[in-house]
Structures are given as C-alpha cells and as structure tokens.
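The values are calculated or read from the model by the stated rules, or taken from the named source; none is laboratory data. Here the structure is a predicted model, which means the values were calculated and not measured. Cβ: placed from backbone, ideal geometry, glycine included. Neighbour counts: every protein chain shown. Side chains included, ligands, DNA and RNA excluded: accessible areas come from the protein's heavy atoms. Shrake-Rupley method; radii C 1.70, N 1.55, O 1.52, S 1.80 Å.
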Amino acid sequence: MLRLTALALCLVLPAAQAASMKDYELTQTLEKVAKESSEGTPRAINEDILDQGYTVQGKQLINHLSVRASHAEKMRANPGSVRSQLGDSVCKNTGYRQLLAQGAVLTYEFTEYHTNNPVAIERFDAGSCHIKLQK
C-alpha cells in the first residue's frame, strides 16, 4: 500500500509543479502588463471615462475605471450593451486573447468619479471570446 501511495505521488507531483510554474509565469506576465498599462494613469479615455490603472489579483487583470455620474446612469440602464461593447474590445485584441488563452481573467471595474460608488464589474475569460467569435 505504501508503494502504491509513493508511486501515485511521483506521478502527481510533476503535474502539480508544472501547473504551479504555469500559474507563476501567468502572474508574472499579468504583473508586467498591469505595470506597463498603468503608466500615465489616471488618464482620460474620453470625456466620460477615466482610466485609473490596472491591478492583479491571482489570475485576474483588473482595469479600474471611473465614470461621470451621467455615464454611470447610462451604463446601469444598459448592462447588456456595456458587456457586449467591452467583450468586442477584449476579443478583438490579440494581446488580451493570448492572456485569456493562458488562463487569465480580464476584469473591468467601473465606479463613479468622485464618489467611488460601484457602477459595473465585467469579467472575461477565454470562453467569453470563444462564444463571441462563433456569432
């Protein structure tokens, strides 16, 4: 029984180490992307949206965005449209698709400018683009 347990551990450990290394490399890549993408923030994307920069939580690359109250109202009234527009943007971006294919999750967190009241959170993974590209 002890031999069987030892053999099972010998087979499982290399796979676990490889997954751990893959996760580590993804996190390092996301940290680099977040740092580079956050340079010069906060910056206006347009008159309604302010990019506050990126952070990383595990496999998640989070883009923090602030919006004017009037724009926040429009976003809250049309959540499907918001997700669709963001999804189109993510899935058309080769760099984002590569990150998603590696197991990353791209998250957009919108808050109201000045008050930081939550407006919307949208998450995209590799499956999100697979569905979009089939349509």
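Mean 1/r over all different Cα pairs, inverted: what Kirkwood radius does segment 22-129 give, in Å? Before the final figure, lay out the partial values.
Numbers: mean 1/r = 0.0703 Å⁻¹.
In segment 22-129 this quantity evaluates to 14.2 Å.
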Legend entry - Backbone HN-Hα couplings from phi across segment 47-57 [Karplus 6.51/-1.76/1.60, Hz, Gly and Pro as x]: 5, 9, 10, 10, 7, 8, x, 10, 9, 10, 10
Inset, instruction - Show SER84, SER128 ordered by accessible area, largest first, where the area counts protein heavy atoms only and the probe is 1.4 Å. - result: SER84, SER128
Legend entry - Label-point separation in nm, GLU31 to GLN60, each point 7 Å along Cα→Cβ: 1.9
Legend entry - Hits among aspartates and glutamates - C-alpha to C-alpha of LYS92 under 14 Å, sequence gap 8 or more where chains match: ASP125
Inset, instruction - Could you tell me the accessible area of LEU50 in Å² (1.4 Å probe, neighbours in place), rounded to the nearest ten? - result: 40
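Please list SER81, SER66 in order of solvent-accessible area, largest first, computed with a 1.4 Å probe with all protein chains present.
Details: SER81 55, SER66 5 Å².
Descending order: SER81, SER66.
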Inset, instruction - Taking amide H positions as placed in the peptide plane 1.01 Å from N, state which residues far from GLN60 in sequence (5 or more) or on other chains have amide H under 5 Å from it. - result: VAL105
Legend entry - Spacing of the two label points (7 Å from each Cα toward its C-beta) at ALA126 and ARG83, in nm: 2.2
